[in-house]
1. Return the only residue of B:72, B:28 being away from every other protein chain (no Cβ under 11 Å), in contact with a strand residue (DSSP E or B) (Cβ under 7 Å, 6 or more places away or on another chain) and more than 25 Å from residue A:105 (Cβ to Cβ).
2. For residues in the range A:55-68 being buried (at least 16 other Cβ atoms within 10 Å of the Cβ) and in contact (Cβ under 8 Å) with a residue 12 or more places away in the chain, which is nearest to the other protein chains (Cβ to nearest Cβ)?
3. Can you spot a residue in the range B:40-62 that is away from every other protein chain (no Cβ under 14 Å), surrounded by fewer than 13 Cβ atoms within 10 Å (Cβ to Cβ), in contact (Cβ under 8 Å) with a residue 24 or more places away in the chain and not in a strand (DSSP E or B)?
4. Mind checking which strands (runs of 3 or more DSSP E) fall wholly inside the range A:1-110 and carry at least 2 residues that are more than 23 Å from residue B:36 (Cα to Cα) and at pLDDT 95 or above?
């Protein structure tokens, strides 16, 4: 069965550009999480949704970050404008019962 | 006190050794607990859920101690392929609650050496 799907897998962009990360959760999972991971800060929760509704976005760094979940099978995380300090691996995860399942991540580099 | 704290790493052990990791949590109402494994440049993957009665999966044993508010992971007969970072995860939600936010430890690095 397909796991969590993320795209793109790698993104290199220049400072100031808009970046959109995409996620398709596992069918039937009703919670979706966006995480960011860096060597310095570890795994940080940015935002999570229950049944497509944003529940907690307290981890979103600032207004440059926004996330949407228009339906149960799709979510986006957008950074506009991007900055070099946004460089990290961004994971999407979905959860039904049990622990969440992670996608392969998007490795973002902002030059 | 941090919400979730793990043993400081890294752990360097020889093949065949037994190694144990502990993880403490601060919220006594926490209901769900997990251990994840993360390989270098890969996503975290669920290793085990942790149940009140303790559970075992091959060489891996997970236990929960509610009184002392910690969970543990024991790896027996360690293999080179066990080298990874092990992440402790706690769901501090009440039974029947809708809070699905998970609290992650920073991870413990394990290196199994030949």
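The values are calculated or read from the model by the stated rules, or taken from the named source; none is laboratory data. Values in this document were obtained by computation on a predicted structure and should not be read as measured data. Virtual Cβ from ideal backbone geometry, glycine too; neighbours counted across all protein chains shown.
1. Working: B:28 fails: in contact with a strand residue (DSSP E or B) (Cβ under 7 Å, 6 or more places away or on another chain).
Result: B:72 is the single residue among B:72, B:28 that is away from every other protein chain (no Cβ under 11 Å), in contact with a strand residue (DSSP E or B) (Cβ under 7 Å, 6 or more places away or on another chain) and more than 25 Å from residue A:105 (Cβ to Cβ).
2. If we take residues in the range A:55-68 being buried (at least 16 other Cβ atoms within 10 Å of the Cβ) and in contact (Cβ under 8 Å) with a residue 12 or more places away in the chain, then A:59 is nearest to the other protein chains (Cβ to nearest Cβ).
3. As a first pass, look at the range B:40-62 and keep what is away from every other protein chain (no Cβ under 14 Å): B:52-54, B:56, B:58-61.
Then drop every residue that is not surrounded by fewer than 13 Cβ atoms within 10 Å (Cβ to Cβ), which leaves B:52-53, B:56, B:58.
Subset that is in contact (Cβ under 8 Å) with a residue 24 or more places away in the chain: none.
There is no residue in the range B:40-62 that is away from every other protein chain (no Cβ under 14 Å), surrounded by fewer than 13 Cβ atoms within 10 Å (Cβ to Cβ), in contact (Cβ under 8 Å) with a residue 24 or more places away in the chain and not in a strand (DSSP E or B).
4. Numbers: elements: A:5-7, A:10-13, A:19-24, A:31-38, A:42-50, A:53-56, A:65-71, A:74-79, A:88-95, A:106-110.
In the range A:1-110, A:10-13, A:19-24, A:65-71, A:74-79, A:106-110 are the strands (runs of 3 or more DSSP E) which contain 2 or more residues that are more than 23 Å from residue B:36 (Cα to Cα) and at pLDDT 95 or above.
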